[in-house]
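Here the structure comes first, spelled out in C-alpha cells, and everything after it is commentary.
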Amino acid sequence: EPIRLQAACLLLNGGIAGGIEICITFPTEYVKTQLQLDEKANPPKYKGIADCVKQTVNSHGVRGLYRGLSSLLYGSIPKAAVRFGMFEFLSNKMRDESGKLDSRRGFLCGLGAGVAEAVVVVCPMETVKVKFIHDQTSANPKYKGFFHGVREIIRSQGLKGTYQGLTATVLKQGSNQAIRFYVMTSLRNWYKGGDPNKAINPLLTGLFGAVAGATSVFGNTPLDVIKTRMQGLEAHKYKSTMDCAVKIMKHEGPMAFYKGTVPRLGRVCLDVAIVFIIYEEVIKVLNMVWKTD
C-alpha cells in the first residue's frame, strides 16, 4: 500500500508541477507555435516574437496568448505521470548494486520515458493544441473550446485526426527526455562525487534542470518544427515525416528548422527547472515518511 500511495503522490505532484509551469509559461509556447506555423511562402504574417505578441493582443486581447492552454493543462497530469512513472520503473531495474544510475543508463531510461509519454499522452494532446492555435489564426475560427474542438476533430477526421505526426512526436519526446535525463543524471553524479547520500540544494536542482532543458532544445528543435508542421491544419501537404523535413529544407532552408527556438528556450528551461525541483522535493518528503529510497 505505501508503495502504491508513494507512486500515486509522485505522479500527482509531477502533474501539479506541470500544470503550474504551463500556466506560467504558456504564452511563450503559443508564440513559438505561431512562428513555426508562419511559413515563408505565405508571405510571413509576423516579423518576429514581439510582433507576434503585439498582433495577437491587438486582435484577441491578452487572453489570445492563452488559446490552446486547456488542451495542454488536461494533458499535463497524465504526461508527468507517464514520464516519471516510466522513468522510475526503468531506473529501478537498471541501477547498479550500490543503487547508482550512471548517465548512459539515465539516457536509456529517459528515452523509454519519452517514447511512452509520446504514444500515450503527448501526440493526441499536441495535435489538438496545434490545431487549436492554427484555427485561431484563420478568418473564422471554428472551435468553441477544448471539448468542442476534440469532438469536431474526431467527427471530421476520426481518432486518427488526434494522432497526426506520431513518428515526429515519438522522435521528439524520446530524444527530449533522453537528453534531459542524461544531462540531469550526469550533473547529479558529478555533484555528488562518490557520496550517493549528498543532498542537493533545490536551487541547484533547478539550475541543473535548466541546463538539461536548454541542451534538449538545441538538440531537438528541428524535430519540434517538423512535428508542428505535421500536426497543423495544412499537414495534408506532407506525405510523411521525411517528406516534411525534405520540403522544409528545399523551400525554406536549414534555418527554418530552428524557428521558434528563443521562445521555446525560455519556456523549456523554466519548465524543466520547476518540474525537477518539485519532483525532487516530493521524493525527499516521501522518503522521510516511508523511509524508502
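Report in % the part of the accessible area of the range 167-259 that belongs to carbon and sulfur, leaving out ligands and nucleic acids; probe 1.4 Å. Mind dumping the intermediate values first?
Details: 2890 of 4240 Å².
Carbon with sulfur: 68 percent of the solvent-accessible area.
Counting residues in the range 134-293 as N, plug N into 2.2 N^0.38 Å and put the Cα Rg over that result.
Working: Rg = 20.0 Å, N = 160, 2.2 N^0.38 = 15.1 Å.
Cα Rg divided by the expected 2.2 N^0.38 Å: 1.32.
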Rolling a 1.4 Å sphere over the protein heavy atoms, what is the accessible area per residue of the range 167-259, to the nearest Å²? 46
With a point put 7 Å past each Cα toward its Cβ, work out how far R4 is from Y191 in nm, to one decimal. 3.4
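Leaving ligands, DNA and RNA out of it, rank S240, S216 by accessible area with a 1.4 Å probe, largest first.
Numbers: S240 50, S216 0 Å².
Putting S240, S216 in descending order of accessible area: S240, S216.
In square nanometres and to one decimal, what's the mean projected area of the convex hull around the Cα atoms of the range 167-259? Don't skip to the end; give the middle numbers.
Working: hull surface 29.0 nm².
Seen from a random direction, the Cα hull of the range 167-259 projects 7.3 nm² on average.
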The chain, Gaussian network, Cα under 10 Å: of G68, G145, G165, the residue fluctuating most is G145
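Using 0.36 nm per residue, how much length does the chain from K247 to R155 gain when fully extended, once their Cα-Cα distance is taken away?
Working: separation 92, 0.36 × 92 = 33.12 nm, distance 2.95 nm.
Extending this stretch completely gives an extra 30.2 nm.
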So what is the relative contact order for the chain, in percent, with contacts set as C-alpha pairs under 8 Å and at least six apart? 25
Given a cut-off of under 8 Å on Cα pairs at least six residues apart, what relative contact order in percent is computed for the range 94-223? 36
With all distinct Cα pairs included, what does the Kirkwood hydrodynamic radius of the range 30-112 come out to in Å, to one decimal, could you say? 16.3
Dimensions of the chain along principal axes (Cα, Å, largest first)? 58, 37, 34
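Given the range 179-222, what whole percent of its Cα pairs are spread farther than 14 Å? Don't jump to the answer; show the numbers that get you there.
Values: 466 of 946 pairs.
Above the 14 Å cut-off, the range 179-222 has 49 percent of its Cα pairs.
The values are calculated or read from the model by the stated rules, or taken from the named source; none is laboratory data. Bear in mind that the values here come from a model prediction, so they are computed numbers and not experimental data. No Cβ is skipped: glycine too gets one built from the backbone with ideal geometry, and neighbour counts run over all protein chains shown. SASA here: full protein model, heavy atoms, side chains in, ligands and nucleic acids out. Shrake-Rupley method; radii C 1.70, N 1.55, O 1.52, S 1.80 Å.
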